[in-house]
Each structure stands twice: as C-alpha cells, then as structure tokens.
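Visitor: First the structure, then my questions, so here it is.
The values are calculated or read from the model by the stated rules, or taken from the named source; none is laboratory data. Not measured: the values here are computed from a predicted model. Here Cβ is always computed from backbone atoms with ideal geometry, including for glycine, and neighbour counts include all displayed protein chains.
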Amino acid sequence: MNDGVCIAWSIWSRRFDDGISNAMDRWYGPRGLRPDNPENAAYVFTGEAGLEPLSEIAPTEQEERDGWLYHGKHLDMFWTFNEHGQSYLDEKLKELDIDTIVIVGLWTDECVLATAYAGNSRGYDVVVVGDAVATATANQETALTVANSTVAKVLTTNDVIHYMEHDFTSGKPGAVKGTRYPDGRKEG
C-alpha cells in the first residue's frame with residue numbers, strides 16, 4: 001500500500017480436473033475441441049511457467065509475501081477463497097477499507113467483466129481502464145460498453161493518471177460508502 005493505493009495481482013488458470021465444473025468443462029472437455037492442438041484458453045496444460053507477471057509490472061518480493069499476488073481459478077477474481085470460505089480478494093481489500101477497484105488486464109469479456117460485476121455486487125466502486133484491458137475475441141468494445149452501462153466507469157489510462165495526480169485523496173473509511181453491509185449500503 002502506498003499513498004492510499006494498493007495493487008493486487010491475480011494469475012488465472014484452470015485445469016479440467018480442478019473440481020470446478022461448468023459449461024466450459026462440459027462443452028470443451030479436458031483437451032478442447034481439437035485434442036491434438038488444444039485451443040481452450042480455460043485450461044493450462046503446460047505448467048506454471050507461463051503464470052508469472054511481466055517483469056515490468058511484477059509485484060515486489062514484499063508485495064508477494066504480503067499476499068497481493070494470488071492464483072485465481074475462476075473468471076471472477078473475487079471467487080478465490082481463503083481457508084474460512086471467504087473471498088480472498090474481498091478480505092484483503094476490506095482489511096484496508098478500500099472502496100474502489102480499478103481493473104486492468106486480460107480478457108475484457110471474461111475475467112475483467114466477471115470481476116467488475118463481482119466487485120460491484122460486493123459494494124465496490126469499479127473503474128475499468130479501457131485502454132489497459134484487452135481480449136483475444138471480437139468482443140472488446142461490446143464488453144466495455146456493457147461494463148460502462150451496468151457496473152463500472154470505463155476510463156482511459158490518461159483519465160486515471162490525471163485523477164490520481166490532481167484529484168485523488170484518501171478519505172476516512174466508511175465516509176462515503178457504508179462498511180456494515182457487504183454491498184456498501186449505509187445505515188439509515
């Protein structure tokens with residue numbers, strides 16, 4: 001955490017035998033539609049080597065020790081649970097009274113959108129940085145339009161940087177949004 005801002009890194013991967021059954025498992029099966037050359041991005045077949053953040057944006061060793069890099073197994077990055085069955089990311093953010101999440105990364109129409117919806121459902125203000133998310137499908141603009149019209153404010157990197165440099169201040173926890181209810185409602 002630095003100047004009221006913290007960064008969480010999530011690495012996402014699935015295996016067909018991880019016990020998380022869904023339509024992707026039932027439709028594609030364990031090796032995708034072409035078993036000799038699997039295309040199914042839902043599964044990782046080659047081990048953990050490809051699951052490291054780029055060195056230019058990687059967390060420090062201290063940030064990793066503090067648990068800000070974690071391995072998600074669902075499109076929704078709030079859907080990774082601690083030993084008490086609580087959302088790992090939600091608990092990390094609550095510990096610091098964080099009420100706003102800014103999402104960057106991959107894939108816009110899958111993890112980004114799922115996490116935006118999940119964050120909104122938990123009472124967070126959600127910002128998606130439109131030029132810092134991407135997807136490998138034709139759904140980029142559609143996903144950003146859906147996010148912007150339902151659960152998030154879609155801004156550019158320059159908009160976010162300008163806000164952080166000129167307008168951002170850390171507020172008193174719970175001053176704008178409530179902290180008693182999981183969806184952010186204030187009492188009254």
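Visitor: For the condition loosely packed, with under 15 Cβ neighbours inside 10 Å, farther than 14 Å from I103 by Cβ and modelled with pLDDT under 95, what is the one hit in T179, T142, T169?
Guide: That would be T169, the only listed residue that is loosely packed, with under 15 Cβ neighbours inside 10 Å, farther than 14 Å from I103 by Cβ and modelled with pLDDT under 95.
Visitor: Hey, among the residues in region 97-111 that are aliphatic (A, V, I, L, M) and over 12 Å from G123 (Cβ atoms), which one's surrounded by the fewest Cβ atoms within 10 Å (Cβ to Cβ)?
Guide: In this case the residue turns out to be L106.
Visitor: Out of A118, A58, I need the residue that is within 21 Å of S13 (Cα to Cα) and either among the basic types (K, R) or surrounded by fewer than 16 Cβ atoms within 10 Å (Cβ to Cβ) (or both). Which one?
Guide: Exactly one residue qualifies, and that residue is A58.
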